[in-house]
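Colleague: Below you'll find the structure I mean.
We did not get these values from a lab; they are worked out from the coordinates using the rules stated. All values reported here derive from a predicted model rather than from experimental measurement. FYI the Cβ positions are ideal-geometry reconstructions off the backbone, even for glycines, and counts take in every protein chain you see.
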Amino acid sequence: MAQRESSRGGALTTVALAQFMVTLDMTIVNVALPSLDAELGFGATQLPWVINVYALLFGGFLMLGGRAADLFGQRRLLLSGTALFAFASLVGGLAQAPWQLIVARALQGVGAAMMAPAALAVLTLTQREGRERIRALGVYAMVSAVGGAAGVLSGGLLTQYAGWRWVMLVNIPMAACVLLLALASVPGGLLSAPLGRKLDIGGAVLVTAGVGTLVLGLVRTDRHGWGSTTTLLTLGAAVLLLVLFVLWENRWVKGDPLVRIGLLTRRNVAGANLFVLLLCAGQFAGFYFLSLYLQDVLRLDAARAGAAFLPLTLSVVVAINISTRLLPRTGPRALLVAGGLLAGVGFAWFGALDVDGSFVADLLGPSILTGLGMGISFVPLTGAAVGGLPRHEAGMASAVLNSSRQIGGALGLAALVTAQATYTAHRRAAGDPPLEALTGGFGVGLALSGALLFLAALVALFVLPGKRVAGGPAVFGSRRRGTSPLLR
């Protein structure tokens, strides 16, 4: 029994470190962009691809990675994805030309798309239902939240004191630890489907192309406006590919589907994915505006700008611990409504930024409130999306959740940056000084981030079911009954 407890603890540590590394790399490169541009000589149109190509490949291959984990083994995909991620980080850290760094970031995105759904499936399959899984999901949520904020902080520190190459090379020792831990503690028998099952290649091609084209269209709206022919054709092609994917999975696929469409019709799965899409749309854009405000308006250096996110990060950690304790009594819906409202108020408060603002007067209060709202949301959100599902659908559900996260982040960033830029240009045309116009634009973008979080709270209230069973929320099941009636 002690060995089994040790293995579950080791598996949780493996998942936590893998997820931390994936979320860290969503933001760690941002602060380093000016430095790597100065050294490698990126063109104006090339530099954004250091960030965009990671999101593009990560989002595009998530579905394929999740289903491959179900069919070929969660540990196998976790090990393969981690090894690819480490190799890509080495290539990026040694890059001597812009194209080499962009290729490395692309490979990182593919590796992350293999790691992320496999890691969450390992957590779901190794941790016992009930309080143990709730605690494990709390750890998972905490490292996911801390990883994104730590990326901003560590990216600034590494760039300023060690050089931009270390924002890539820092992944190598972390990846080595994940590989060793996975080999030692993740059971090799986590194979959810019988041997001989085949991957749905047709569905994989359609969904990867569809999601990839959608993310591509979204991340290029900074150069091609929303009404441009390029954007309309790209987004139209993405919609067509995704419609074909739904038809393929629902009517034409032979054998095992990549995503069982019926899974998406369950209220808890649909509600959780819509909530995370709106949450990440507001969060990604909000963090982007705050980073620029700190550096371009308040004139903080990279390290101090990253450190300014610490109160928000600590608030997330505190709130995750609170929500982990409350979840067995309240169920996921109540916490998600509260979390969405708190984060919405926090981002709306950020919208009142002033050109002569200070950290204590303008940022500390909304940072704490936003962090508390986000932290309260993470644990019930993950549990509602994947808890209690059949073993052979764990990777599938986690891939859908991660896809919603990536698509939401790309959509929110594209839409809100366009709104911010439009308002800033309007203020400049009206005669406002450049810095005041820029601050006003950031304020509008942050207020819109808050509106998206309020909308997420409404989704939790009206879409997510509120059913519970004795002993805990239905989405996690109970120790007596073992499975969740809600998810049957």
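Colleague: Take the alpha carbon gyration tensor of region 301-369, find the square roots of its eigenvalues, order them as a ≥ b ≥ c, and report rounded if a/c is under 1.5; if not, report prolate when a/b exceeds b/c, else oblate.
Modeller: Note, shape of region 301-369 comes out oblate.
Colleague: If you don't mind, another one. Which value at 222 nm does the chain reach when only helices count, each DSSP H run of 4 or more adding -39,500 (n - 2.57), with the total divided by all residues and rounded to the nearest 500 deg cm²/dmol?
Modeller: Using -39500 (n - 2.57) per qualifying helix, the result is -25500 deg cm²/dmol.
Colleague: Moving on. Can you tell me which of 65-72, 331-338, 129-136, 228-235 comes out highest on packing, and rank the rest after it, using the mean Cβ neighbours within 10 Å?
Modeller: Taking the mean over residues of other Cβ atoms within 10 Å, the ranking is 65-72, 331-338, 129-136, 228-235.
Colleague: Considering only the other residues whose Cβ falls under 13 Å of the Cβ of Ser323, what net charge follows from Lys and Arg at +1 and Asp and Glu at -1?
Modeller: +4
Colleague: Specify whether the C-alpha gyration tensor of region 267-462 places it in the rounded, prolate or oblate class, a ≥ b ≥ c being the square roots of the eigenvalues: rounded for a/c under 1.5, otherwise prolate if a/b is larger than b/c and oblate if not.
Modeller: Taking the square roots of the gyration eigenvalues as a ≥ b ≥ c, region 267-462 is prolate.
Colleague: Give, in nm to one decimal, the length gained when the segment between Thr229 and Val205 is fully stretched (0.36 nm per residue of separation minus the Cα-Cα distance).
Modeller: Once the chain is fully extended between Thr229 and Val205, it gains 6.1 nm.
Colleague: Within 10 Å of each residue's Cβ, count the other Cβ atoms and sort Met26, Met63 from fewest upward.
Modeller: Met26, Met63
Colleague: Counting only the backbone N, which residues of region 439-453 are under 14 Å from the spot 7 Å out from the Cα of Leu326 toward its beta-carbon?
Modeller: none
Colleague: On to the next question. If each residue of separation counts as 0.36 nm, what is the full-extension length gain between Val239 and Leu94 once their alpha-carbon separation is subtracted?
Modeller: Net length gain for the segment: 48.4 nm.
Colleague: Specify the angular offset, from 0 to 90 degrees and rounded to the nearest 10, of the alpha carbon long axis of helix 332-350 from the longest principal axis of the alpha carbons in the chain.
Modeller: With rounding to tens, the tilt is 10 degrees.
Colleague: Considering amide H positions built from the backbone, and no H for Pro or chain starts, which residues 5 or more places from Gly73, or on another chain, come under 5 Å of its amide H?
Modeller: Ser192
Colleague: A follow-up question, please. Could you give the alpha-carbon Rg of the chain over 2.2 N^0.38 Å, rounded to two decimals?
Modeller: 0.93
Colleague: Could you calculate the FRET efficiency of Ser7 with Thr422 from 1/(1 + (r/R0)^6), where r is the beta carbon distance between them and R0 is 41 Å, rounded to 0.05?
Modeller: Efficiency computed from Cβ-Cβ geometry: 0.15.
Colleague: Still on this structure: Going 7 Å from the Cα of Ala184 along its beta-carbon direction, which residues of region 122-161 have the amide nitrogen within less than 12 Å of the resulting point?
Modeller: Hits in region 122-161 for Ala184 at 12 Å: none.
Colleague: While we're looking at this one, here's another question. Helix 201-219 against the longest principal axis of the chain: what's the angle in degrees, Cα atoms only, rounded to the nearest 10?
Modeller: With rounding to tens, the tilt is 20 degrees.
Colleague: Return the distance in nm (one decimal) between the two label points of a simple spin-label model at Ala451 and Asp296, each offset 7 Å from Cα along Cα→Cβ.
Modeller: Going from the Ala451 label point to the Asp296 one covers 2.0 nm.
Colleague: Sticking with this structure for a sec: Given a Förster distance of 35 angstrom, what is the FRET efficiency for Glu436 paired with Leu125, based on the Cβ-Cβ distance and rounded to 0.05?
Modeller: FRET efficiency, Glu436 to Leu125: 0.05.
Colleague: How do Trp164, Trp49 rank when sorted from fewest to most other Cβ atoms within 10 Å of their own Cβ?
Modeller: Trp49, Trp164
Colleague: On to the next question. Would you work out the charge dipole size for the chain about its Cα centre, treating the Cβ of every Lys and Arg as +1 and the Cβ of every Asp and Glu as -1, and quote it to the nearest 20 debye?
Modeller: 2180 debye
Colleague: What ³J(HN,Hα) values, in whole Hz, does the Karplus curve 6.51 cos²θ - 1.76 cosθ + 1.60 give for region 24-36 when θ = phi - 60°, with x put for Gly and Pro?
Modeller: So the Karplus estimates, Gly and Pro as x, are 4, 6, 6, 10, 5, 7, 3, 5, 7, 4, x, 5, 6 Hz.
Colleague: A follow-up question, please. Once the Cα atoms of helix 267-292 and of the chain are each reduced to a long axis, what angle between those two axes, in degrees from 0 to 90 to the nearest 10, is obtained?
Modeller: Tilt of helix 267-292: around 30 degrees.
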